[in-house]
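*Asks:* Input: one structure, supplied below.
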Amino acid sequence: MKGSLILKKVNSEFIRKIVEVSGVNVFACYQCGRCSASCPLVEEMDILPNQMVRLVQLGNEEVLNTATPWICATCFSCTARCPLGIDIAKLAEALRSISLRKNIDKVKINQISFGELMKLPQIALVSNFRKNTSVS
Amino acid sequence: MEGAFLESNPENKGNIKKIKESVNRFLQQLLEKKVVEWVLTPYINPENPLPERRIITKPEEAIKADPLTPVIPGFPMSTFVSEITREKPISKPLAVLLKPCEAASLVELVKFRQANLDNLLTIGVDCYGSYHVLDFKKMVEEGEKPFERMINALKNNKGDELFRTACKTCLKPVAENTDLNVGIIGVNNLFIQANTSKGTETLKKIGLKIVENKERDQKIKELIEERGEKRKGMFKEFLKELHGLHKLNKFFEDCINCHNCMEVCPICFCKECFFESELHPYVYEKYIKFTIEEGTIQELEGKLQFHLGRLIHMSTSCVSCGLCEQACPQEIKLFKLCGPVSENVQKSFNYRAGEKLEETPPITTFYEEDLGLTEKQAE
Amino acid sequence: MRVGVFVCHCGRNIAGTLNIEKIKEEVAKHSGVVHVEDYIFMCSDPGQKLIRDRIKEKNLDAVVVSACSPSLHEKTFRNNAASVGLNPYKVEIANIREWASWPHEGKPEEATEKAIKIIKATVEKVKSNIPLEPLSVPVTRKVLVIGGGIAGIQASLDIANAGLEVYLVEKKPSIGGKMAQFSETFPTLDCPQCIETPKMTEVANHPNIHLYAYSEVVDVSGFVGNFKVKVKRKATYVDWNKCTGCSECAKVCPVKVSSEYDVGVSQRKAIYIMFPQAVPNKATIDPEHCLRLVYGKGCGLCAKTCPAGAINFEQKEKIEEIDVGAIIVATGFDVMDPSLLTEYGGGKYKDVISALQFERILAPSGPTGGKVVRPSDGKEPKTVVFVQCAGSRDPEHYMPYCSKVCCMYTAKQALLYKHAVPNGHAYVFYIDVRTDGKGYEEFYERVLREAEATYLRGKVAEIYKEDGKLKVLGVDTLTGKGVEINADLVVLATAAVPSEGIKELAKVLRIQTDEYGWLKEAHLKLRPLETATSGIFIAGAAQFIRDITDTVSHASGAAAKALSLLSRNRIEREPLVAEVNEEICSGCGNCVEACTYQAIKIDPETNIAKINTALCEGCGACQASCPSAAIQLTNSYKKQLFEMISILAKE
Amino acid sequence: MRVPYFPGCSLKDFADNFEKSAFASASVLGVELVELPEWYCCGVVAPLEEDELIRKVAPARNFLRTKELGGNKLVTLCSMCYNTLKLTNLYMKKNPDKLERINSFMDEEENYDGTVEVIHFLELLRDIVGFEKMREKVKKPLKGLKVAPYYGCLLLRPKEVAIDSLEKPTVMEDLLKSLGAEIVNSPLKKTCCGSYQVINNKEVASKLVYKIITAVTKRGGEAVVTSCPLCHYNLDSLQKDLSDKYPGYKEVPVFYFTQLMALAFGLEEEVLGLEKHEVNPLNLLKSKGLI
């Protein structure tokens, strides 16, 4: 993400919403980056998990447009390693949830081929739909 | 366990009269052989339906002793021991006969420096159960023999519904800390069990043959297990009945603040009870002050405060004797409250009142960690 | 009873939340209160004068100051009242700052209500306070210093130079402590051999210092000014009067054991002198490993070799009793065992070491002679990764606090490494670099330029072995990229932790430790050198990890405290002690068990409790333990407490 | 011993060999897993939002059914079910007000009171049965079989649900040791396999599987052992493509721990359901003389 942060007005409404949905106090984070260091999928992400936390701390709604929450596989490595006990996995879930509640789906079920659908186990399909779509 | 049989004659098996005679002869021998000079024991006074407590000094008086009597008439024996040994140890060797709960409370009293065991020969008597003083009295007056009734219940091995609740749920039918035990449970003839070297010495001194007895152990174990089940079930119900302030208030509704429960409690030893002292918050000036300030006030007699305060003071040392309940003129079933609460409190500190002299009461010596540990153990 | 109430604003600390006018109005109505007045800073000179004036004008016979915690200014206000003739114990503090305005900042109305209750309750208490005179006791003008690290050394020297006798007790065979293990010290790169060993020698030769090395304090009784201390002098199995420190014994000893001084980086013998500059420079036999002592026969090579005939396998430990007036605890710190850090492979991989181990490797006088090699194969590590905050700033898994010295020593180690291995490269993972000391920031900048180390801002996730290298998984939060480094050696800046055995020692001394085991000071801001037990002081890192500069300052401070305490022949003590009502006491002994200060005994004659007022600290534990209220605390009588409770509990 | 058991979808379908082998080995140990009479999908993944209640109803129903069976412990085999049920249960225990709301969503007469405890089958084996007892039942020790335990995420994280040490778990190692197998310790045994991202981005999952498997083979591992049907799917089925992509790539079979138990207990081969594996394990097992 490029550009500068215009911090004239921090969108505290946005922060409050995320705190409410996630139950996570994002302000406790001192940005050590251990979540990112622990994340197995960090290579695929456009911003690091700690940057995701940072954007929330700054009340920057652009975080909703990043790929990171959608690449997260909810493996809880970040949560388990965070020295301050911040549940980053929950935070990612809240970010996904806020998008999904606007009916923004990240997986188009009808784009998965029939052959693939038959082959994939339901455990993979259902968990994916639960995390990435608003239908379930 | 080791000890000695008093009657080896098989004809005496279960002969109720012989049991009484045997134990009295044993006490007589203690005095004759000068093992002790005094014996403190329940004692029959033909003019009184209830046994008395007496110190006997002459061997011939021993025939009137009634240590196995299934009643605790008023104060427990441990209170008497405390009274005669608290200031200084007794000067002459004294044997004292104690029911298991009395023996346990004596241990607690020693821990609190309210009794001194020096020069004392403690003799526990097996207790299969005892009757409420009033029931006992009624039985005697109506010509029924409570001792025989108890022994019969023991022989049939099914207990007696009339026993006091504390006895029906008692886990200590046999005293654990005494030098000797007069054994009636799990034996046909009277068996004097020796628990300490002093006890063994005593038996040897009066010329008894020391033998092993394993059968009795097993019988006692079975009895305790059976009682344990009963106790658990009862306690669960009790606690449910008493849950919450409202129910507690209701429970003590009839209390008339006579403090009899406190008077007979074997481990209530304060010279002046805090709740009867001028320090207690509900004194008349307070009422007047409150009334002036508030215009009108509700009766504040501190009934519940007294009972809960007592519970706090004694629950770690309660020996489940149930005498509080027996002493209550209003027939409040006090054992329902103090029995289960004390058991749970003691369990949480991993402490059992009256069990070991060297164990210090948790009231002053517990650390926060202790509680955590036992919680984990409980899991 | 004429009570005056003085309400302090404490700037905005109290007045910002509480409604002072309302408080004054309500408190004035309370019976016995004849005067209420407020002021912005009651503890200031004009504030105190105001109280003095009103005591005289209004003829007050009791005063309540409604302000901050009594641990801050109770003494001030009591002395102030005493100066105009009011008994100081007729002054009480109502703490409306810590108890009302601070904790209920957002709720002014409720907080005001609470403050009113607190003040009224305190008025009730002060009304029945008894006027008292301080107790006076004689003192022993000697000091015990526990711990012979740089803090203990400094404190001992300061006191000894002031002319008082010092007993310095050290549990290891030599004094010197952690500082003696360091390679060079930041920011000046002095070596401890140059700056600490002269002080160690001074201790050994000082006529006023009794050095008890290889000894432990096992029991302390008594009280401020009059402590009785039992010191266990452990058996060294060497007659130190004869031993010349020639080390011939160690040369022949066949048993090799991991060296504590070198933190496992090298080995020592079962008979050993801790390090060449040890003070006292005497040999000690380690009974756990000595063949002769373990098997009771055989070996004895050292005894055969010793030219002084100093070896004595029959030596027994001794308990010595000493009398002192003050105690300084200077037991220092330890570093967290790296094997606790499983995610970093601590304890599993030989080349994952603690920073203290790396100090020994870097030390010019160390086991490698200052040559930097890694423990697994003795090769020179070309890539070294330093991991800061290993176990620190991590409330979730380890220690929540910042270990304070790691940023600086890691920078120093990176620099020393660069000096030793010019073609090597150091990576330093950090979260924040903290350089709070004189010359520290400048030193850090020097390291950045000179060490050419790569500072990476991020906390390492995990370390494991892959293809013979240590794979360090981290992140650089500044570039927003994950980082993988294949390292030859990993140095963990493991958290500083309280020294081993400190909790047991604290129990013996009857002082408190905090939740982690650091010694608890009487007040973090205003009494950082004192413990809650009078006469016992803390010096150095035993209170909390600090660097050498701060440790030395702190130690001199503790020495000054002890000296000021012992500057007179008698000292005054608070008369707020327990009393026994002999009529009611039944001698059950609950209070004896409850008393941490061994101030209560049951009189064998009368069978009732007796208080040694010199030992009593007035904590009140006995009062709480007494079933019949026979034992009570002067001026905290149960009756007073009930009066207070009935006000606080009123709707 | 009879214990209430929650199967979940996979164990009735593509991972039925997991269930079958578990049932058979359990009975050797005197344990009967009693399937809940009527069970509902656990939700597969735990709903982590604080304000999400409706997805917690199904787990609550499963807990009610558990109580009806007369137990307060509910055993699962599938790691995902375990994680979802356990987290949801903890949420309800921690938030009594939310639990009340959840109860109000259900028609059941009884309210769920939060007293059920969810445990994983591995915990039952370790804490209740004991690995010592398992060792006694071994007829065919897995001697010489070099296996690498793979925990994945959901048995260990987050810490509230961890069945073992987060950083240094040993439960699977201890279990497999008691069966006589040789343990290969891979540092990536706690690394995510890609989980449900296999649908969005198979490449990503593939990459992770490659890392996880090569970390095992590099250390001499011959097989991977797991307790999660999704991990099994990813680790097993994605290996086929890896052989095409990376020349010299060495495939290793992936087992459920229960299959190895059944094998070591000398049970019939058919309970293992080996035909379901993508990477054929027969050669390996034959070479060790285990079948």
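*Asks:* Give the dimensionless ratio obtained when the Cα radius of gyration of segment D:2-122 is divided by 2.2 N^0.38 Å. Walk me through the numbers on the way to the answer.
*Replies:* Details: Rg = 14.1 Å, N = 121, 2.2 N^0.38 = 13.6 Å.
That ratio works out to 1.04.
*Asks:* Could you state the principal axis extents of the C-alpha atoms in segment C:248-305, from the largest down, to the nearest angstrom?
*Replies:* So the three principal-axis extents are 30, 21, 15 Å.
*Asks:* Let me ask something additional. Roughly how tilted is helix B:16-32, in degrees to the nearest 10 and between 0 and 90, from the longest Cα axis of chain B?
*Replies:* It works out to around 90 degrees.
*Asks:* Hey, in chain A, which Cys have no second cysteine's beta-carbon closer than 4.7 Å?
*Replies:* When partners are defined as cysteine Cβ atoms under 4.7 Å apart, chain A leaves A:29, A:32, A:39, A:72, A:82 without one.
*Asks:* What net charge is computed for the residues neighbouring residue D:266, neighbours being all others with C-beta under 12 Å from the C-beta of residue D:266, Lys and Arg scored +1, Asp and Glu -1?
*Replies:* On the way: positive: D:137, D:139, D:140; negative: D:268, D:269.
Result for the neighbourhood of residue D:266: +1.
*Asks:* In Å², nearest 100, what accessible area do chains A and D bury in total when the solvent probe is 1.4 Å?
*Replies:* Numbers: alone 8520 and 12990 Å², together 18010 Å².
In total, this chain pair buries about 3500 Å².
*Asks:* Continuing with this model, one more query. Could you tell me how far the Cα centroid of segment C:398-440 sits from the Cα centroid of segment A:24-80, in Å?
*Replies:* Computed from Cα coordinates, the inter-centre distance equals 28 Å.
*Asks:* Right, here's the next one. List for segment D:158-175: residues with 10 Å² or greater reduction in accessible area, all protein chains versus chain alone, probe 1.4 Å?
*Replies:* D:158, D:159, D:166, D:167, D:168
*Asks:* Another question, then. Please give the per residue accessible area of segment D:130-287, computed with a probe of 1.4 Å over protein heavy atoms only, in Å². Display every interim value, and only then the final one.
*Replies:* Details: 5740 Å² over 158 residues.
With the other protein chains kept in place, segment D:130-287 gives 36 Å² per residue.
*Asks:* Can I ask one more? Among C:172/C:371; C:251/C:379; B:289/C:127, which pairs are too far apart, with a Cα-Cα distance over 21 Å?
*Replies:* Working: C:172/C:371 27 Å; C:251/C:379 27 Å; B:289/C:127 16 Å.
Check vs 21 Å cut-off fails for C:172/C:371; C:251/C:379.
*Asks:* Now for a separate question. Given a 1.4 Å probe and every protein chain left where it sits, what share in percent of the accessible area of segment D:172-291 is carbon and sulfur?
*Replies:* Working: 1950 of 4100 Å².
After summing per-atom areas, the C and S share lands at 48 percent.
*Asks:* Further, regarding this structure: Taking 25 °C and 0.890 mPa s as the conditions, I'd like the Stokes-Einstein D for chain D in µm²/s, using the Kirkwood hydrodynamic radius from alpha carbon pairs. Provide the component values of the computation, followed by the final result.
*Replies:* Numbers: Rh = 19.5 Å.
Translational diffusion coefficient: 126 µm²/s.
*Asks:* What aspartates and glutamates sit close enough to residue D:143 to cross-link, taking a C-alpha to C-alpha distance under 15 Å and skipping anything fewer than 8 places away on the same chain?
*Replies:* Cross-link targets: D:173, D:174, D:182, D:222.
*Asks:* What list of whole percents do you get for P(r) of segment C:574-634, with Cα-Cα distances grouped in 10 Å bins up to the one holding the largest distance?
*Replies:* 28, 61, 12
*Asks:* Using only atoms on other chains, find how many Cβ atoms lie within 10 Å of each Cβ of peptide D:48-57 and report the average.
*Replies:* Shielding by partners across D:48-57 averages 5.
*Asks:* Let me ask another. So which DSSP H runs in chain C come out at 27 Å plus along the axis (Cα) with average Kyte-Doolittle of at least -0.5? Let's see the in-between values first.
*Replies:* On the way: long enough: C:108-127 (28 Å, -0.46).
Those that pass (Cα extent of 27 Å or more, hydropathy at least -0.5) are C:108-127.
*Asks:* OK, next. Share of antiparallel DSSP beta bridges in the protein assembly as shown, in percent to the nearest 5?
*Replies:* Numbers: 67 of 146 bridges.
Within the protein assembly as shown, antiparallel bridges account for around 45 percent of the total.
*Asks:* A further question follows. Using a probe of 1.4 angstrom, how much of the accessible area of segment C:368-484 is carbon and sulfur, in percent?
*Replies:* Numbers: 2320 of 4660 Å².
Solvent-exposed carbon and sulfur of segment C:368-484 make up 50 percent of the total.
*Asks:* Write down the Kirkwood hydrodynamic radius of segment B:2-233, to one decimal in angstroms, obtained as one divided by the mean of 1/r over all alpha carbon pairs.
*Replies:* Numbers: mean 1/r = 0.0561 Å⁻¹.
Every distinct Cα pair counted, the radius reaches 17.8 Å.
*Asks:* Could you give the size of the charge dipole of segment C:576-651 about its Cα centre, using +1 on the Cβ of each K and R and -1 on the Cβ of each D and E, expressed in debye and rounded to the nearest 20?
*Replies:* On the way: 5 positive and 9 negative charges, 30 e Å.
The calculation lands at about 140 debye.
*Asks:* Pairs to check: B:88/C:601; C:58/C:90; C:269/C:348; A:119/D:20; C:382/C:469. Give those whose C-alpha atoms are more than 23 Å from each other in this structure. If you can, show how the numbers build up before the last one.
*Replies:* Values: B:88/C:601 17 Å; C:58/C:90 15 Å; C:269/C:348 25 Å; A:119/D:20 21 Å; C:382/C:469 11 Å.
Pairs exceeding 23 Å: C:269/C:348.
*Asks:* Quick check: with the 1.4 Å probe, what order do B:259, B:243 take by accessible area, largest first? Please report the intermediate quantities before stating the final value.
*Replies:* Working: B:259 20, B:243 140 Å².
In descending accessible area the options line up as B:243, B:259.
*Asks:* Please report the orientation-averaged projected area of segment C:335-497, defined via the convex hull of its C-alpha atoms, in nm². Mind dumping the intermediate values first?
*Replies:* Numbers: hull surface 37.0 nm².
Approximately 9.3 nm², given one-decimal rounding.
*Asks:* Among C:610-616, A:81-87, C:3-9, how do they line up from the highest to the lowest mean number of other beta-carbon atoms within 10 Å?
*Replies:* Details: C:610-616: 17.9, A:81-87: 21.1, C:3-9: 24.9.
Result, highest mean first: C:3-9, A:81-87, C:610-616.
*Asks:* Let me ask something else. Can you pull the mean other chain C-beta count within 10 Å for peptide D:148-154?
*Replies:* On the way: counts 0, 0, 0, 0, 1, 8, 3.
Shielding by partners across D:148-154 averages 2.
*Asks:* Using a 1.4 Å probe, how large is the accessible area of residue D:245, given in Å² and rounded to the nearest 10?
*Replies:* Using a 1.4 Å probe on the heavy atoms, I get roughly 90 Å².
*Asks:* Any chance you could look up the accessible area of residue D:170 with a 1.4 Å probe, heavy atoms only, rounded to 10 Å²?
*Replies:* Here the residue's solvent-accessible area equals roughly 60 Å².
*Asks:* Let me ask you something else. Once C and B are treated as a pair rather than alone, how much accessible area drops out, both sides summed, in Å² to 100, probe 1.4 Å? Show your work: numbers first, answer last.
*Replies:* On the way: alone 28980 and 19870 Å², together 46790 Å².
Protein heavy atoms only, the C-B interface buries about 2100 Å².
*Asks:* Can you pull out the buried accessible area for chains D and C, both sides counted, probe 1.4 Å, rounded to the nearest 100 Å²?
*Replies:* Working: alone 12990 and 28980 Å², together 41240 Å².
Interface area, both chains combined: 700 Å², rounded to the nearest 100.
*Asks:* Calculated from DSSP H runs of 4 or more alone, at -39500 (n - 2.57) each and per residue, what is the 222 nm mean residue ellipticity of the protein assembly as shown, nearest 500?
*Replies:* Only helices count here, giving -10500 deg cm²/dmol.
*Asks:* Let me ask something additional. Considering only protein heavy atoms, what is the solvent-accessible area of residue A:5 at a probe of 1.4 Å, reported in Å² to the nearest 10?
*Replies:* Estimated to the nearest 10 Å², residue A:5 gives 90 Å².
*Asks:* Now for a different question. Can you list, by residue number, the Cys in chain B that have no neighbouring cysteine C-beta under 4.7 Å?
*Replies:* Cysteines of chain B left without a disulfide-compatible partner: B:127, B:167, B:170, B:255, B:258, B:270, B:273, B:318, B:328, B:338.
*Asks:* Okay, moving on. Give me the aspartates and glutamates in straight-line cross-link reach of residue D:56: C-alpha distance below 16 Å, same-chain residues under 8 apart excluded.
*Replies:* Excluding near neighbours in sequence, the set is A:93, D:97, D:100, D:107, D:108, D:113, D:117.
*Asks:* Next up: By accessible area of protein heavy atoms, probe 1.4 Å, what ranking do D:257, B:251 get, highest first?
*Replies:* Details: D:257 0, B:251 40 Å².
Solvent-accessible surface, decreasing: B:251, D:257.
*Asks:* Once the convex hull of the alpha carbons of segment B:94-210 is built, what does its volume come to per residue, in cubic angstrom? Don't skip to the end; give the middle numbers.
*Replies:* Numbers: hull volume 15.9 nm³, N = 117.
So the per-residue Cα hull volume is 135 Å³.
*Asks:* Using the structure shown, list the pairs from D:12/D:140; B:111/C:520; D:73/D:133; B:271/C:507; B:172/B:232; D:202/D:250 with a Cα-Cα distance above 24 Å, or answer none.
*Replies:* D:12/D:140; B:111/C:520; B:271/C:507
*Asks:* How large are Rg and Dmax for the protein assembly as shown when calculated on the C-alpha trace, in angstrom?
*Replies:* Cα radius of gyration and Dmax of the protein assembly as shown are 38.6, 111 Å respectively.
*Asks:* Moving on to the next point. How much accessible area per residue does segment C:608-647 have, in Å², with a 1.4 Å probe? Working shown, then result.
*Replies:* Working: 1310 Å² over 40 residues.
Here the per-residue accessible area is 33 Å².
*Asks:* What do you get for the angle between helix B:215-241 and the principal long axis of chain B? Use alpha-carbon atoms, 0 to 90 degrees, nearest ten.
*Replies:* For B:215-241 against chain B, the angle is about 20 degrees.
*Asks:* Counting heavy atoms of the protein chains only and a 1.4 Å probe, report the per residue accessible area for segment C:86-142 as a whole number of Å². Before the final figure, lay out each step's value.
*Replies:* Details: 2560 Å² over 57 residues.
That works out to 45 Å² for each residue.
*Asks:* Hey, any idea what % of segment B:291-353's accessible area is carbon plus sulfur with a 1.4 Å probe?
*Replies:* Answer for segment B:291-353 is 51 percent, counting heavy atoms of protein chains only.
*Asks:* Under 15 Å from the 7 Å Cα→Cβ point of residue D:111, by amide nitrogen: which residues of segment D:76-100?
*Replies:* Backbone N within reach: D:92-100.
*Asks:* Sorted by accessible area with a 1.4 angstrom probe, largest first, how do B:290, D:255, B:75 fall? Intermediate values should be presented prior to the final figure.
*Replies:* Values: B:290 40, D:255 0, B:75 85 Å².
Reading off the accessible areas and sorting them downward yields B:75, B:290, D:255.
*Asks:* Okay, moving on. When Cβ neighbours within 10 Å are restricted to other protein chains, what is their mean count per residue of peptide C:338-345? Walk me through the numbers before you get to the answer.
*Replies:* On the way: counts 0, 0, 0, 1, 4, 7, 1, 1.
Per residue, the average neighbour count from other chains is 2.
The values are calculated or read from the model by the stated rules, or taken from the named source; none is laboratory data. The shown structure was predicted, so the numbers you read here are calculated from the model rather than taken from an experiment. Ideal geometry is used to build each Cβ from the backbone, glycine not excepted, and the neighbour counts take in all protein chains shown. Side chains are part of the model used for accessible areas, which takes the heavy atoms of the whole protein and leaves out ligands, DNA and RNA. Shrake-Rupley method; radii C 1.70, N 1.55, O 1.52, S 1.80 Å.
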